[in-house]
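Working notes for the structure below.
A short reminder: the numbers here are calculations on the coordinates, not readings from a lab. Just so we're clear, the structure is a prediction, and the values are computed from it rather than from any experiment. Neighbour counts run over all protein chains shown; Cβ positions are idealised from the backbone, glycine included.
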Amino acid sequence: QVHLVESGGGLVQAGGSLRLSCAASGSISSFSAMGWYRQVPGKSRELVAGISSGGSTYYANSVKGRFTISRDNAKNTLYLQMNSLKPEDTAMYYCQAPGRVGWGQGTQVTVSS
């Protein structure tokens, strides 16, 4: 199974930006889609953004217009550009692809007000 490693999280003030990366140990071109999820303690993990192999994208209403998902098949990396961050974006962020079992360690995003 291809391993996914998330990075790029950190502490940022409201209104700031972060770029998350998800590096794969193998090719991601075979994945029909990939997505970024986030989870806060006590709540279910939610899909934030997704991208198909053809480049079609999906965004949760809460992040639409602020986040941009992209994938670089040549680098086997998935990205999430996050702009105009809000305190409610604070969460652990994970990347995932259909058919994979388990989750990576995630990357923590904390937005201060």
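Taking a cut-off of 17 Å between Cα atoms, list the lysines near Lys75, but don't count ones fewer than 8 places away on the same chain.
none
Between Leu47 and Arg100, what is the label-to-label distance in nm when each label sits 7 Å out along the Cα-to-Cβ direction?
1.5
Report, in debye and to the nearest 20, how large the dipole of the chain comes out about its Cα centre when Lys and Arg carry +1 and Asp and Glu carry -1 on their Cβ. Kindly include the intermediate steps, with their values, before the conclusion.
Values: 10 positive and 5 negative charges, 17 e Å.
I would put it at about 80 debye.
May I ask you to give the average projected area over all directions of the convex hull of the Cα atoms of region 61-113, in nm² rounded to one decimal? Before the final figure, lay out each step's value.
Values: hull surface 18.8 nm².
Over every viewing direction, the Cα hull of region 61-113 projects on average to 4.7 nm².
Could you give the length gained on full extension between Ser25 and Gln108, defined as 0.36 nm per residue of separation minus the Cα-Cα distance, in nm? If you can, show how the numbers build up before the last one.
On the way: separation 83, 0.36 × 83 = 29.88 nm, distance 2.08 nm.
Here the answer is 27.8 nm.
Per Stokes-Einstein, at 25 °C and 0.890 mPa s, what whole-number D in µm² s⁻¹ belongs to region 35-90, with the Kirkwood radius over Cα pairs as the hydrodynamic radius?
Approximately 203 µm²/s, per Stokes-Einstein.
Taking each pair of different alpha-carbon atoms in region 1-66 once, compute 1/r for the pair, average those values, and report the inverse of that mean as the Kirkwood hydrodynamic radius in Å to one decimal.
Numbers: mean 1/r = 0.0729 Å⁻¹.
Hydrodynamic radius (Kirkwood, Cα pairs) of region 1-66 is 13.7 Å.
Using a Gaussian network model on the chain with a 10 Å cutoff between Cα atoms, which of Pro41, Pro98, Pro87 fluctuates the most?
Largest GNM mean-square fluctuation: Pro41.
List the trypsin sites (Lys or Arg not before Pro) in region 1-69 that DSSP assigns to loop (not H, G, I, E or B) and whose Cβ has at most 12 other Cβ atoms within 10 Å. Which are they? Don't skip to the answer; put the middle values down first.
On the way: sites: Arg19, Arg38, Lys43, Arg45, Lys64, Arg66; in loops: Lys43, Arg45, Lys64, Arg66.
When the trypsin sites (Lys or Arg not before Pro) of region 1-69 are filtered for loop state and at most 12 Cβ neighbours within 10 Å, Lys43, Lys64 remain.
Would you mind getting me the FRET efficiency between Gln13 and Ala60? Use the beta-carbon distance for r and R0 = 30 Å, nearest 0.05. Provide the component values of the computation, followed by the final result.
Numbers: r = 22 Å, r/R0 = 0.74.
The pair Gln13/Ala60 has a calculated efficiency of 0.85.
Using θ = phi - 60° and the Karplus relation 6.51 cos²θ - 1.76 cosθ + 1.60, list the HN-Hα couplings for region 77-90 in order, rounded to whole Hz, with x at every Gly or Pro.
9, 10, 10, 9, 8, 10, 10, 6, 5, 10, x, 6, 7, 4
Percent relative contact order of the chain, based on C-alpha pairs within less than 8 angstrom and at least six residues apart? Numbers along the way, then the final one.
Values: 266 pairs, mean separation 41.5, N = 113.
Once normalised by length, the contact order is 37 percent.
Students often forget the sequence filter, so: which lysines lie under 24 Å Cα-Cα from Lys43 once same-chain residues fewer than 8 apart are removed?
Lys64, Lys86
What residue among Gln13, Gln96, Gln39 shows peak mean-square fluctuation when the chain is described by a Gaussian network model with Cα springs under 10 Å?
Gln13
Rounded to two decimals, what is Rg over Rh for the chain when you use alpha-carbon atoms and the Kirkwood radius? If you can, show how the numbers build up before the last one.
On the way: Rg = 13.2 Å, Rh = 14.0 Å.
The Rg/Rh ratio comes out at 0.94.
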